[in-house]
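Visitor: Once you've had a glance at the structure underneath, I'll fire off some questions.
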Amino acid sequence: MPPARKRARTYDPAKTRTAVLAQFGNVRAAVRTLTPEQLAAPTRLGDWTVRELVAHIGMALTAVDRLLDEPEPARQDGRLLDWPFAIAAEADAIAATARRSAADHPDPDAHLADVERRFTARLDAHPGGRLLPTSAGALPLADYVVTRTAELVVHTDDLNAAVPGLDIPYDRQALAACTRLLADALAAKAPGGSTEVRIPPYAVVQCVEGPRHTRGTPPNVVETDPLTWIRLATGRTAWPDAVADARVSASGERADLGPYLPLLT
C-alpha cells in the first residue's frame with residue numbers, strides 16, 4: 001500500500017500579514033539609523049551595497065503591487081512550495097531592479113514608509129484567494145504573502161551581516177513561517193521518510209529516500225537552529241562548514257543534506 005500523501009501545510013492569512021508587517025517594521029526602524037557610509041557599504045550579495053539591499057527589501061512588498069496590477073489568472077496552477085525553486089531564474093532581473101530602485105529613491109526610510117502604506121492598502125482591497133501570476137505559477141495572494149516572510153527574514157539576516165551591530169530583530173511568526181516554508185521545500189526536493197530534519201521550535205520534516213522510519217528514534221537525524229537552517233537553505237552557509245562548526249548535528253548514513261542544498265539562492 002503506498003504511503004499516504006502528505007497534507008500541505010497551511011498558514012493563517014491574518015497571522016502571516018501581521019508577521020510580514022512586523023518584520024518590515026523591524027527593518028524600517030533599523031534603516032532609519034543607517035549613515036551614508038553604512039548605506040554605501042558592501043554586502044555578501046555579490047556587488048550589492050547596503051542601499052541596494054534595502055531597496056530590494058522594499059521590492060519584497062512592491063511585488064504584490066506589481067502582480068495585482070496584472071490580469072488575474074483563470075485558475076491556480078502553482079503551489080506555494082514551487083516558489084523557492086522558481087525565483088533563481090529571476091536573479092539577474094531582480095538585481096537590476098534593485099539597483100534602479102536604490103537610485104530612484106535616495107531617502108530609503110521615506111521609500112519604505114510608502115511601500116508599507118501601499119502594501120497594506122492592497123491587502124485590504126483584495127481577498128486572500130485572489131490569484132497572482134507569479135514565477136511559480138498562479139498562486140493565491142494569501143500564499144504569496146507567506147513567501148514575503150522568507151524574503152524579509154533572509155534579507156534581514158543579510159543586513160545584519162553587512163552592518164556590524166545593527167542587530168535587527170526577527171519577528172517570531174515571520175521566522176517561523178520562513179523556517180517552515182524552506183523545510184517543506186526540502187521535503188519536496190528530497191521526498192522520502194528515512195531522515196528526520198528538526199529545526200526547533202518551528203519545524204520537523206521527513207525527507208530523503210530510503211527505509212521509512214515508523215517508531216522510536218529515527219536512524220537518520222539532522223538538527224539545527226532556525227537561522228542556521230535558513231542560511232543553509234539559501235546558500236549563505238555551506239553544509240560542510242555548518243557541520244564542522246557544530247551548528248548542525250547530523251547522525252546516520254542518510255543525514256548528509258549537502259546534495260540537496262541550497263534550495264533558494
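Visitor: Within the stretch 158-171, how many residues turn out to be open to solvent by 10 Å² or more (accessible area, probe 1.4 Å), in contact with a helix residue (DSSP H, G or I) (Cβ under 9 Å, 6 or more places away or on another chain) and in a helix (DSSP H, G or I)?
Guide: Going through the stretch 158-171 one residue at a time, the tally reaches 2.
Visitor: When residues of the stretch 27-55 are filtered for being open to solvent by less than 30 Å² (accessible area, probe 1.4 Å) and in a loop (DSSP other than H, G, I, E, B), how many remain?
Guide: Total meeting the criteria: 4.
Visitor: Could we say that Thr195 is without any contact (Cβ under 8 Å) to a residue 12 or more places away in the chain, over 29 Å from Gly46 (Cα atoms) and out of contact with any Pro (no Cβ under 6 Å at 6 or more places or on another chain) here?
Guide: No; evaluated as a whole, the condition is false for this residue.
Visitor: Can you tell me which of Ala174, Ala203 is under 19 Å from Asp12 (Cβ atoms), crowded, with 24+ Cβ neighbours inside 10 Å and at pLDDT 95 or above?
Guide: The unique qualifying residue is Ala174.
Visitor: Take the residues in the stretch 234-265 that are touching a Ser or Thr at 6+ places or on another chain (Cβ under 6 Å) and modelled with pLDDT under 95; name whichever of them is most open to solvent (accessible area, probe 1.4 Å).
Guide: The qualifying residue most open to solvent (accessible area, probe 1.4 Å) is Arg254.
Visitor: Restricting to the stretch 92-135, what's the tally of residues that are over 13 Å from Ala63 (Cα atoms), in a loop (DSSP other than H, G, I, E, B) and touching a residue at least 40 places away in the same chain (Cβ under 8 Å)?
Guide: Total satisfying the criteria: 4.
Visitor: Open to solvent by less than 30 Å² (accessible area, probe 1.4 Å), in a strand (DSSP E or B) and of a type in the set (A, V, I, L, M, F, W, C): is that true of Ala138 in this structure?
Guide: Taking the combined requirement at face value, the residue satisfies it.
Visitor: Hey, can you tell me all the residues within the stretch 56-102 that are open to solvent by 70 Å² or more (accessible area, probe 1.4 Å), touching an Asp or Glu at 6+ places or on another chain (Cβ under 9 Å) and farther than 21 Å from Pro127 by Cβ?
Guide: Passing the criteria: only Arg99.
Visitor: Suppose we filter the stretch 1-26 for residues that are assigned to a helix (DSSP H, G or I), open to solvent by 50 Å² or more (accessible area, probe 1.4 Å) and either among the hydroxyl-bearing types (Ser, Thr, Tyr) or at pLDDT below 95 (or both); how many remain?
Guide: Matching residues across the stretch 1-26 total 1.
Visitor: Using the structure shown, decide if Glu90 is at pLDDT 95 or above and either among the charged types (D, E, K, R) or out of contact with any helix residue (DSSP H, G or I) (no Cβ under 8 Å at 6 or more places or on another chain) (or both).
Guide: No.
Visitor: To continue, here is another question. Return the total of residues in the stretch 246-265 being of a type in the set (Val, Ile, Thr) and under 15 Å from Arg198 (Cβ atoms).
Guide: 1
Visitor: Tell me which of these Thr62 doesn't satisfy, since it passes every other one: (1) in a helix (DSSP H, G or I); (2) over 22 Å from the mean Cα position of the chain (by Cα); (3) under 23 Å from Leu175 (Cβ atoms).
Guide: In the conditions (1) in a helix (DSSP H, G or I); (2) over 22 Å from the mean Cα position of the chain (by Cα); (3) under 23 Å from Leu175 (Cβ atoms), Thr62 misses (2) alone.
Visitor: Which residue pairs have Cβ atoms closer than 8 Å, lie 6 or more positions apart in sequence or on different chains, and pair a first residue in the stretch 45-61 that is not assigned by the TED database to the domain that holds Asp109 with a second residue that is buried (at least 22 other Cβ atoms within 10 Å of the Cβ) and assigned to a loop (DSSP other than H, G, I, E, B)?
Guide: Here the result reads none, with nothing in the stretch 45-61 linked to a residue that is buried (at least 22 other Cβ atoms within 10 Å of the Cβ) and assigned to a loop (DSSP other than H, G, I, E, B).
Visitor: Specify the residue that is farthest from Pro13 (Cα to Cα); the eligible residues are those in the stretch 110-119 that are of a type outside the set (Gly, Ala, Ser) and either touching a strand residue (DSSP E or B) at 6+ places or on another chain (Cβ under 6 Å) or surrounded by fewer than 15 Cβ atoms within 10 Å (Cβ to Cβ) (or both).
Guide: Asp114
The values are calculated or read from the model by the stated rules, or taken from the named source; none is laboratory data. Just so you know, these numbers come straight off a predicted model, no measurement behind them. No Cβ is skipped: glycine too gets one built from the backbone with ideal geometry, and neighbour counts run over all protein chains shown. For accessibility, only protein heavy atoms count, side chains too; no ligands or nucleic acids. Shrake-Rupley method; radii C 1.70, N 1.55, O 1.52, S 1.80 Å.
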